Structure formats: structure tokens, C-alpha cells
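J.: Sharing a structure below in C-alpha cells format, with a few things to ask.
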């Protein structure tokens, strides 16, 4: 009985796991006749973000805009563009956000480095502020202040 339940669980996991696999949304009328160009088109469309879904590639999205982008990518490849030229063309029309893996550039370093720099600057500012706030060394009490301090200390030592 245990063996049967274990087998049933394995089969159920495999069946349910198959449903989790990504489903490509490429329609049959979009597929190119040349398998090499189609492979390039699939590779490129897997790198481009669907502007409607935003967390899916255009290869996985069923949105109309994603379909239009898939068709555009295939048209550019048929016209003889290189992969880089197709990516550059799409980025020029939709911006860097269309790339699922953005290019590393000065803007990227600024985007990710600015919070770190701000935290460091804040830490330095707090350190400098706390160091300056302390009582300056070498200050002594005046004779009047010294007498008042001694009087307070004697009054605190007396039993009640």
C-alpha cells in the first residue's frame, strides 16, 4: 500500500510539474519557414520583455503588443538584420526597459551605486556630528561652579 501511495505521489508530482512548464505563446502563423531564423527569433524574443505583462518575455506572453513585437523581430531577421541590430532597433523604440537583462552602463552603476553612496555619506555625517557634539576637552569649571558642585555632593552624602 505504501509503495502504491509513493508511486501515486511521484506520478502526481510529474503531472502537476508538467503544467508548470512555460508555455510559449508563439502562434503558428508567426513561425518562420527557415528553422535557423526561427531559432534566432526565439532566442531574441526570450530576451525581450512584454510591455504589458512586464514579467514575461514576448515569447511567453499572449498580449497583442507581444505578438506585434514577435512579428517585428521576425521581419527584421528576414530583412537580414543581425541579432544585435534587432535588439538595438527594439530598444530604440521602447527603451532599455524592454530588455529582460538590461545592459550594464554608467546609468546602471549609478542606479545601483547611489543608495550605497547615500548610506556611506549618511554614516560619515552621523559620525562627524556625534564627534563634534561632545564636550570640548580641557574645559574646567569656574570657582563658583566648583563650589556649587561640592555643595551638591555633600548634600547627597548626608544620611536622611
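Here, each number is a calculation from the coordinates, and none is a lab measurement. Please read these numbers as outputs of a predicted model, since none were measured by experiment. Quick reminder, even Gly has a Cβ in these numbers, built from the backbone with ideal geometry, and neighbours come from all protein chains shown.
J.: Would you mind ranking 109, 94 so that the residue whose beta carbon has the fewest other beta carbons within 10 Å leads the list?
T.: Ranking 109, 94 by Cβ neighbours within 10 Å, fewest first, gives 109, 94.
J.: Normalise the Cα radius of gyration of region 80-147 by 2.2 N^0.38 Å (N = residues in it) and let me know the number.
T.: Dividing the Cα radius of gyration by 2.2 N^0.38 Å gives 2.53.
J.: Determine the shape class of region 21-127: with a ≥ b ≥ c the square roots of the Cα gyration tensor eigenvalues, call it rounded for a/c under 1.5, and otherwise prolate if a/b is greater than b/c, oblate otherwise.
T.: prolate
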